[in-house]
Amino acid sequence: MEINKKIEKLISDNEVCLFMKGTPDTPQCGFSMAVSNVLKHLNVNFKGINVLEDENLRKGIKEFSDWPTIPQLYIKKEFIGGCDIVKEMFEKGELKKLLEEKKII
């Protein structure tokens, strides 16, 4: 239960929160790098959370979102999805539109 509180706090404290393997500057998996690069391309100020530093967090975020993979993107407390969803939204212009609607960019 404590890990859920930590996750909720991270999501609440950061408008755009990316749970990823590695950091935005040094991603440690291709999928995390892809989502991080999409956000950087859109000039989004986001918080990268390295799940590799905390096994409880790595497991906990998957249970919290009921999503089996990392990375996971949250925008204003809303779970957006993983790499494939984020890339598809970006390619269709939906991600930029969502970020504009939520006054992020």
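Loop-resident trypsin sites (Lys or Arg not before Pro) (DSSP state other than H, G, I, E or B) in the range 37-80 with no more than 12 further Cβ atoms inside 10 Å of their Cβ: K77.
Using Cα pairs closer than 8 Å and at least 6 residues apart in sequence, work out the relative contact order for the chain, in percent. Before the final figure, lay out each step's value.
Working: 143 pairs, mean separation 33.3, N = 105.
This gives 32 percent for the chain.
Charge dipole (Cα centre; +1 on Lys/Arg Cβ, -1 on Asp/Glu Cβ; no other charges) of the chain amounts to roughly 180 debye. Extent of the range 2-101 along its three principal axes (Cα atoms, max minus min coordinate, largest first): 36, 26, 22 Å.
Just so you know, all these numbers are worked out from the coordinates, no wet-lab data involved. No experiment lies behind these values; they were computed from the predicted model shown. Neighbour counts run over all protein chains shown; Cβ positions are idealised from the backbone, glycine included.
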